[in-house]
Structures are given as C-alpha cells and as structure tokens.
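The values are calculated or read from the model by the stated rules, or taken from the named source; none is laboratory data. Everything numeric in this text was worked out from a predicted model, so none of it was measured. Here Cβ is always computed from backbone atoms with ideal geometry, including for glycine, and neighbour counts include all displayed protein chains. Accessible surface is based on the protein model in full, side chains and every heavy atom, while ligands, DNA and RNA are left aside. Shrake-Rupley method; radii C 1.70, N 1.55, O 1.52, S 1.80 Å.
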Amino acid sequence: MSDRAPSDPARRPTPPASVSRPVASPIWPSVVWRAEDADALDAQYEGRTRGYAYARESHPNAEMLAAAIDALEGVPEAGGGGLMFGSGMGAVSAVLLGLLKSGDRVIASNQLYGRTLRMMTQDLPRFGIGVEFIDPTDAAAWATAARTPAAMIFAEVVSNPTLRVADMEAARAAAQASGALFVVDNTFTTPRGWRPFEHGADVVLHSVTKLLAGHSDATLGWVAARDPGVREKLFAAQGSIGATASPFDCWLAERGVLSFGLRYDRAEANASALADHLATLPGVEAAIYPGRPDHPDHNRAGALLQGRFGTMVAFRLAGGRAAANAFIRAAEQLPFAPSLGDVQTLLSHPPSSSHRALTEEGRLALGITQGFIRVSVGIEEIETLKREFSTAVAAAV
Ligand SMILES: *Cc1c(COP(=O)(O)O)cnc(C)c1O
C-alpha cells in the first residue's frame, strides 16, 4: 500500500509530491479550504496572512483569470485587481446593487446590453434608483443630463446590434460634471479596441463569456475598479449576490485568454473584409461596420478606436423577415445562435431575440428591420466566410 493511500474509503488520498511544477494551471474545485487552527483563520480574515476559505469569496482559478484580464485592461495598481463572477450579468448586478443606493440617479446609454437595460428599467426602480436613458452618440445629451448630479454613468463603447459608437469623451466629461462614477461595459470592444481605465473610467466590466474566453463554453464575468473603496463594495456584493465563477470555467477562460489577442486581430480583419464583401452583394440593403466610411459614427470611431473597429458586423437584407429566414436556413455552416465572440462566426436576428420586446416602430427607429442580421465574426479563413455569405445571401434574394 502506498503512503498516499487513504485510511478509509471515505478519506481522500494525499496528493503526490513533485519537485517539478505543471506547465498548465491546475484546477482547484475545492469549495472550502482547511486552515491550521482558529487563530490561523483569524489571521487570514484579518489580512495578516493570505489564504482561501470559501470559494464564493475567492478561489485560485478566479484570481489567476482575473489577473490575466487585469493585465489586458491595465487596471490601476491601487484598485487591487479584478473580481470574477459566474456571468457578465453577475458583474453588472454587483455594480448596480453594490454601488448604488435608494435615491440615487443613474445616467445610462439607451443602447446597452438588453439584460442590463432590463435590470435598469425593471429592478432598479424597486430599490428607489432612477435611471435616465440618453442617446450615447449625442454629446449634447450627455452634457444636458450631467447638469443634475448623478451617482453613476453607465456606457458601452459600441452598441448592439447597430454598432453605433458612443461619444466616450462626452460620457467622461458628464461623469466629471455630475460627480458620477464612470462605468464602462467593455465586452464588445475589449481592451484590444479601447482601454477604459486610460480614458477616465472608474469601473470596467466584461462578459468574459464572449471574446475573452472566446469558445462559447464558459459563462463568466469580470469587474475591476480604480479605487480600493469601490472594489471593497464590489467584493461585498460578490459575496452576497453569489454569482460565483466556476473554477472549471475560469480554467477554460484562462486558456482562452492566452490566444485572445491573436483571435481578436484575426476576427477583426475578417470583420472588415466581410463588411466590404457584404456591401457588394445584391439583396444586401446596407452593410454596417464602424470601419466603413458610410457608417454614421465612422469619424468618431476612427478617432476613438484608432483603427480598431471590432469584430462585429451587421447587415440588412432588402427582403425583410422572409429573406432573413431564407438566409439563416441557407447559412448551414454559420450557427444561428445569439451570442458573440466565439472562434466561429455566429449569426443573430435581433428582432426575434435581443430586441423582441421592442415594438416594430421602436426597432425601426434604431434601424433594426425584420431583415436585420448581426454577425459575430470568427477566425475562419476569410475566403470561407465570403463564399458562405455569398451563397446564403443569394438564397435570400
Ligand atoms: C453578454 C453580455 C453581457 C452579459 O453577460 P453574460 O455572461 O451573458 O451574463 C453584458 N454586457 C454585454 C455587452 C454583453 O454582450
């Protein structure tokens, strides 16, 4: 019997000793950690020693992944590093519930991620928190809203699904003028496109589920703050909300982050080429991409993003809903699956998914027709994508 053998079938074996270390990170699924004695636990909780106690508060896989994302986002040293959540919405919840209080006023972009908008319209009012929604591309709207004090400004750089580019300089100025915390959800743009902490953001968050993890196999969120006091509140909210990041998902995402830069650059080059290709196809009414000169925010996107126009493309088929259905059915190799940031190109149809709660007029005001298709561009060979889109669009004419 080896000396690692347990003394009882219900006792765990002792891990083997090794003087060499693994190259790939281990996974630590342990929910609870064992301390030497009660004094040792006190020392840990009082910050005199470093150790883990309970996975909802922290675990090594979450910390390692957070550190990797911190480096990408350039989290200010004083902020103390990012926190992981079991989803992007876990991070959004911690920001809204952990940093706001009854009587507070929020100024938010009216084109945020759908579930964030829902939380702001359905849930925050129940806690006595008011939200004023504004057009994020309109500098004057930011300035006007900022004349009344606010607790938080919440923005995304590139909107879903019309890919409008927010006036982030105006948003920052509004945060300063109104005394608000400046919160940026950087999921679509990623630190490869824009690093919010370098542009005055106080809090930055991600749905790591999307581009950072990149393989549609892990659901995770991340949030970091500039100020340690703000981080403290987010950490407290994390423990109470309990949207704990799974160690296995963190491990998968850590692996995904290793290739994030390569994936992003490839997907972005594909997106630019695909948008130009779509614009040449009969039956395509409009190809939407911030890098195209015909995009309404092209100039601002150029100045703000310095050529990093992103991995998302949208287009409108002239034939409405019937054309959208025909296109989706013909695009056999392109999954019709409403997420983004996967290695593979994914299609979504906002009128039947993210924007189904809006009225038809409300959608049309945003330019979302029944023939509107959003494309999360992947890392395939560009010739493959051009061929597949040509074939599927031809089937929809
Ligand atoms: C997907 C997404 C979220 C929510 O993230 P989940 O991981 O799905 O909870 C938040 N913001 C943006 C911009 C997103 O795309």
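Some points to look at:
- Positive dipole terminus of the chain, leading residue within Val157, Tyr113, Gly82 (C-beta point charges): Tyr113
- The chain - Rg over Rh from alpha carbon coordinates, Kirkwood radius: 1.02
- All aspartates and glutamates inside 20 Å of Lys386 as judged from Cα atoms, apart from same-chain residues fewer than 8 positions distant: Asp265, Glu268, Asp276, Glu285, Glu332, Asp342
- Taken per residue, the accessible surface of the chain reaches 46 Å², heavy atoms only and a 1.4 Å probe.
- The range 45-67 and the range 152-195: distance between their alpha carbon centers, rounded to Å: 30 Å
- The range 38-258 - percent of accessible surface contributed by carbon and sulfur, probe 1.4 Å: 51 percent
- Ser93, Ser102, Ser272, reordered so the largest accessible area comes first (probe 1.4 Å): Ser102, Ser272, Ser93
- Under the simplified labelling scheme, the Arg4-Tyr45 pair shows an inter-label distance of 3.4 nm, with each label point 7 Å from Cα along Cα→Cβ.
- Along each principal axis, Cα extent of the range 153-262, largest first, Å: 43, 34, 22
- Separation between Cα centres of the range 356-392 and the range 268-337, rounded to whole Å: 7 Å
- In the range 260-396, the C-alpha radius of gyration followed by the widest Cα-Cα span (Dmax) gives 14.2, 40 angstrom.
- The range 260-396, relative contact order in percent, only Cα pairs under 8 angstrom and at least six apart counted: 32 percent
- Leu347 sits among other residues whose Cβ lies under 14 Å from its own Cβ, and their net charge, with Lys and Arg +1 and Asp and Glu -1, is -1.
- For the residues His215, His295, a 1.4 Å probe over the protein chains yields an accessible-area ranking, largest first, of His215, His295.
- Ranked from largest to smallest solvent-accessible area, with a 1.4 Å probe on the protein heavy atoms, Tyr113, Tyr45, Tyr289 come out as Tyr45, Tyr113, Tyr289.
- In Å², nearest 10: area of Thr144 left accessible to a 1.4 Å probe: 70 Å²
- Label-point separation in nm, Glu132 to Glu332, each point 7 Å along Cα→Cβ: 5.5 nm
- Residue-level accessible surface for Thr14, protein heavy atoms, 1.4 Å, Å²: 80 Å²
- Taking the charge dipole of the range 346-395 about its Cα centre, with +1 at Lys and Arg Cβ atoms and -1 at Asp and Glu Cβ atoms, the residue from Ser390, Ser376, Ser352 reaching farthest to the positive side is Ser352.
- Potential lengthening between Ser25 and Ala357 on full extension [0.36 nm per residue; Cα-Cα distance subtracted]: 115.3 nm
- Accessible surface of Glu381 - all protein chains present, 1.4 Å probe, nearest 10 Å²: 120 Å²
- Taking 0.36 nm per residue of separation and subtracting the Cα-Cα distance, full extension of the segment from Ala53 to Asp217 would add 56.3 nm.
- Per-residue extension of 0.36 nm, minus the Cα-Cα distance of Glu36 and Ala318, leaves a gain of 94.7 nm for this segment.
- The three principal axes of the C-alpha atoms in the range 38-258 carry coordinate ranges of 56, 36, 31 Å, sorted with the longest axis first.
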